[in-house]
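**Student:** Questions regarding the structure given below will be posed in turn.
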Amino acid sequence: MRKFKAYAIPFVGLKEGQHRFDYEIDNAFFDLFDFQEFNTSDVKVDLEFTKKSNMLELEFDFTGTVNINCDVSLEPYDQPIDNHLSLVVKFGEDYNDDNEELLVLPHGEHEVEVQQYIYEGIVLALPAKRIHPGVEDGSIKSDILEKLEELKPKSASEEKEEDTDPRWDKLKELLNE
């Protein structure tokens, strides 16, 4: 039995026009991809599937949250997901998915699998650097943040004040005269 059967849309029996598919995505979906970065996930995917005589148009809308760990403090937090993805499916001689917005299926195909596009739409909606909102506004307290603050490099003015030797200060006064 195929593990992604629920994400295959058989378009052969569908009438021309618009069709809607809704998916509730949780960690079980990401387990199918061996993706373990989310503590929890709750994302709703609304797929508007338009069948035309010579092609298919798919519009994905992603909304929800994933619970991930902050890159700075390692504290878990809910990251909102809000993304949109468009895909055009055409038919040709060979399978081709080189273009991210265009999928070419062989003429004999009878279904389109959307699990990879759902996966990418959610993962690519995440920011490159995941920072807990409490880190940015200073409301979160963490041992890691305290240690980072302690080890933070000193500014140039702080270093000058600490590293000056009183003997050199007297010599500098001679230069100024």
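The values are calculated or read from the model by the stated rules, or taken from the named source; none is laboratory data. Because the structure is predicted, anything quoted here is derived from the model rather than measured. As a convention, Cβ positions derive from the backbone with ideal geometry for all residues, glycine included, and neighbour counts pool all protein chains shown.
**Student:** Report, by residue number, each residue of the stretch 39-85 that is in contact (Cβ under 8 Å) with a residue 60 or more places away in the chain, touching a Lys or Arg at 6+ places or on another chain (Cβ under 7 Å) and surrounded by fewer than 20 Cβ atoms within 10 Å (Cβ to Cβ).
**Tutor:** Across the stretch 39-85, the qualifying residues are Ile68, Asp71.
**Student:** Can you give me the number of residues within the stretch 32-42 that are within 17 Å of the chain's Cα centre (by Cα) and under 21 Å from Val112 (Cα atoms)?
**Tutor:** 1
**Student:** Taking Ala8 as the residue in question, decide whether it is over 30 Å from His132 (Cβ atoms) and small (Gly, Ala, Ser).
**Tutor:** Working: over 30 Å from His132 (Cβ atoms): yes; small (Gly, Ala, Ser): yes.
Answer is yes for this residue.
**Student:** Here's a follow-up. Determine whether the stretch 24-37 contains at least one residue that is farther than 18 Å from Lys129 by Cα, modelled with pLDDT of 90 or more and assigned to a strand (DSSP E or B).
**Tutor:** yes
**Student:** Ok, one more. Answer yes if at least one residue in the stretch 126-143 is modelled with pLDDT of 90 or more, surrounded by 12 or more Cβ atoms within 10 Å (Cβ to Cβ), part of a helix (DSSP H, G or I) and within 16 Å of the chain's Cα centre (by Cα), and no otherwise.
**Tutor:** no
**Student:** While we're looking at this one, here's another question. Go through (1) in contact (Cβ under 8 Å) with a residue 40 or more places away in the chain; (2) within 21 Å of the chain's Cα centre (by Cα) one by one and return the number of the condition Val12 breaks.
**Tutor:** (2)
**Student:** Quick one: would you say Gly64 is in contact with a Pro (Cβ under 9 Å, 6 or more places away or on another chain) and outside any helix (DSSP H, G or I)? Reasoning before the result, please.
**Tutor:** On the way: in contact with a Pro (Cβ under 9 Å, 6 or more places away or on another chain): yes; outside any helix (DSSP H, G or I): yes.
Yes.
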